[in-house]
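First comes the structure, then the notes that go with it.
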Amino acid sequence: MGSLEMEKKIVGWAARDASGVLSPYTYSLRETGPEDVHLKVMCCGVCHTDIHQIKNDLGMSKYPMVPGHEVVGEVIEVGSGVTKFRAGDVIGVGCIVGCCGNCRPCNADIEQYCNKKIWSYNDVYTDGNPTQGGFATAMVVHQKFVVKIPDGMAPEQAAPLLCAGVTVYSPLNHFGLKKSGLRGAILGLGGVGHMGVKIAKAMGHHITVISSSNKKRDEALDHLGADEYVVSSDADKMQEIADSLDYIIDTIPVFHPLEPYLSLLKVDGKLILMGVINTPLQFVSPMVMLGRKSITGSFIGSMKETEEMLEFCKDKDLSSTIEVVKMDYINTAMERLEKNDVRYRFVVDVAGSKLDE
Ligand SMILES: [Zn+2]
Ligand SMILES: [Zn+2]
């Protein structure tokens, strides 16, 4: 056995079945190909999607599964065709690690909409091996799916931007909403919603957080810097803000009526859906006709947008609200995340967890 082969044996924390319980798991990484970047993982954010994947909520999980798609690491080695990165660079890897490279979305640099995209974990790579995520000591990733973390941005701060951050940045950017003076609302204050408030505020928007209860009022107004907080059952308040919004970012992941929110939009306003809801949603057509309103959706963001978003967050000095934990706390962290018992994002200090010792 050559030494190179030895070097690619790594340790990750994997789920073995739909219980979703994570435990140490040893596996091998592929050789660093000409287009590949071999990285040592520094830290990795914990996304709500990770829970659905490890617990097989979508019925497509394969085990053992090492989750994690908000990965920040340090480059150890690059392939001969890699010019953008070199050993020592701090880089990020997000939700996808592959795409076909020649379909319409790929040619338009929106590879997140490629039908052949390859997920960072719980997927099969082009070599036939399963992809494994960032809850591990190292990864090998094609250079196209690697971004440079801006100098001076803390790795644990950067991690949640790689999924939650770009997920809200992308539609604001794409729909021409990245300009100051707009009025927007965020529905649901989870990992994506909290980032939505911060990014939209950094773009100079007036932001209303709309929630089902008063529980997060202080958090939204005092900590995140939202301008207004409205409880959705408060009919008077909802009436007060009718016809006032340019857009609503709807992160609620369960069935909810759309009409109360559509009525808040002004002419040409957009309701942007981001929660995965498997129940059909309902509205009557005049709700969108009278006001030329749109209901649309958006999904993560491209590598190009990820780069732009990181620079934007660096310029605006934007920070994520995180709780840093070690890997041996991950099962508790997942339980707490499931109960929404976290201030937005857990980030696992992977390097500090010394997984291979
Ligand atoms: Zn995610
Ligand atoms: Zn493609």
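Just so you know, all these numbers are worked out from the coordinates, no wet-lab data involved. Predicted model only: the values in this text are computed from it and were never measured. When we count neighbours, we look across all protein chains shown, and the Cβ atoms used for this are built from the backbone with ideal geometry, even at glycine.
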Fill in: Distance in nm between pseudo-label sites at R292 and I277 (7 Å out along the Cβ direction from Cα)
2.6 nm
Worksheet, complete the sentence: Taking r as the C-beta separation of S23 and S80 and R0 as 35 Å, the FRET efficiency to the nearest 0.05 is 0.45
Practice prompt. Average the reciprocal distances over every distinct pair of alpha-carbons in the chain, invert the result, and give the Kirkwood radius in Å.
Written response: 21.0 Å
Worksheet item: Taking only Cα atoms, what is the 0 to 90° angle, nearest 10, from helix 191-202's long axis to the longest principal axis of the chain?
Response: 70 degrees
Worksheet item: Where in the range 133-166 does the label zone of Y63 land, with the point 7 angstrom along Cα→C-beta and an amide N cut-off under 17 Å?
Response: 133
Discussion item. Explain nothing, just compute: Karplus ³J(HN,Hα) = 6.51 cos²θ - 1.76 cosθ + 1.60, θ = phi - 60°, for every residue of the range 12-18 in order, whole Hz, x for Gly and Pro.
Written reply: x, 10, 10, 8, 9, 7, 5
Response to the item:
Restricting to Cα pairs under 8 Å and 6 or more apart, the percent relative contact order of the chain works out to 18 percent
Practice prompt. Figure the gain on full extension for R336 and K9 (residue separation times 0.36 nm, minus the Cα-Cα span) and round it to one decimal in nm.
Written response: 114.6 nm
Worksheet item: Helix 303-315: angle to the longest alpha-carbon principal axis of the chain, degrees 0 to 90, nearest 10?
Response: 70 degrees
Item to complete: Would you mind pulling out the separation of the Cα centroids of the range 98-124 and the range 31-89, in Å?
Response: 16 Å
Discussion item. Test of the criteria: in the range 28-133, which GluC sites (Glu not before Pro) are in a DSSP loop and have at most 15 other Cβ atoms within 10 angstrom of their Cβ?
Written reply: E31, E35
Worksheet, complete the sentence: Going from the fewest other Cβ atoms within 10 Å to the most, one would list H48, H223 as H223, H48
Discussion item. Amide H of Y125 versus every other amide H placed in the peptide plane: which residues, excluding those fewer than 5 positions away on the same chain, fall under 5 Å?
Written reply: T131
Discussion item. Is the C-alpha gyration tensor of the range 24-149 telling us rounded, prolate or oblate? Criteria: a/c under 1.5 is rounded; beyond that, a/b larger than b/c is prolate, otherwise oblate.
Written reply: oblate
Worksheet item: What does a probe at D315 reach in the range 185-212, counting residues whose amide N is under 16 Å from the point 7 Å along Cα→Cβ?
Response: 199-205
Response to the item:
Protection proxy (average C-beta count within 10 Å per residue), highest first, orders 52-65, 301-314 as 301-314, 52-65
Practice prompt. Pop the C-beta distance of A108 and D328 into the FRET formula with R0 = 45 Å and round what comes out to the nearest 0.05.
Written response: 0.55
Fill in: Per-residue HN-Hα couplings for the range 230-241 [Karplus 6.51, -1.76, 1.60; θ = phi - 60°; Hz; x = Gly/Pro]
10, 8, 4, 7, 7, 4, 4, 5, 5, 5, 4, 9
